[in-house]
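This report refers to the structure that appears directly beneath it.
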Amino acid sequence: MTINGNFFTRRFTKNPSAHTLQVMLVKGGYSLNALIKHLVNQKINGLTSEELMKFGKKYGFKISRKDAETIINLLHARGGFDVFQEKERRALLKEIAQKTNAGLSQSMEGLFQRLIKWMGN
């Protein structure tokens, strides 16, 4: 199985009845955690304004269509935002506060912090 040029191998535990499958990234020395981080960033960078509005509703902050579109445009203009890099995240949040409002920037920071906490960083 090949994903983005990286090769995976599958190893079963010694007890086949456990049906435990371990996926290990072999090429490039990446961990499964790094792959998940990549997927999280890919999702964030591919968000639409409608999806962002749904996240707002789900996580309890109000966001207008206009503000959602502004944030999505800021994300896409960066060409590859990494939510796990504090410097990048702070710069984006500063832009969001300037283009929309400080409250929405704080709500976005809360959303980003949820993702980071979920990843265990």
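The values are calculated or read from the model by the stated rules, or taken from the named source; none is laboratory data. Keep in mind that this is a model prediction, so the values were computed, not measured. For neighbour counting, all protein chains shown are included, and Cβ atoms are generated from backbone atoms with ideal geometry for every residue, glycine included.
Only one residue in I63, I72 is over 20 Å from A34 (Cα atoms) and not in a helix (DSSP H, G or I), so which one is that?
Values: I72 fails: not in a helix (DSSP H, G or I).
Going through I63, I72 in turn, the sole match is I63.
Residues that are modelled with pLDDT of 90 or more, basic (K, R), outside any loop (DSSP other than H, G, I, E, B) and surrounded by 12 or more Cβ atoms within 10 Å (Cβ to Cβ): does the stretch 35-44 have at least one?
no
Please identify the pairs in which a residue from the stretch 37-63 that is at negative phi and charged (D, E, K, R) has its Cβ atom under 7 Å from the Cβ atom of a residue that is assigned to a helix (DSSP H, G or I) and surrounded by fewer than 17 Cβ atoms within 10 Å (Cβ to Cβ), counting only partners at least 6 apart or on another chain.
From the stretch 37-63, the pairs are K37/M119.
With hydrophobic (A, V, I, L, M, F, W, C), surrounded by fewer than 12 Cβ atoms within 10 Å (Cβ to Cβ) and assigned by TED's automatic domain parsing to the domain that holds N45 as the only criterion, which of A68, A77, A97, A91 stands out?
Just a single option satisfies the conditions, and that option is A77.
Residues checked against (1) within 19 Å of V40 (Cα to Cα); (2) not small (G, A, S):
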| residue | (1), (2) |
| --- | --- |
| E86 | yes, yes |
| R89 | yes, yes |
| L92 | yes, yes |
| T100 | no, yes |
| G103 | no, no |
| E109 | yes, yes |
| K117 | yes, yes |
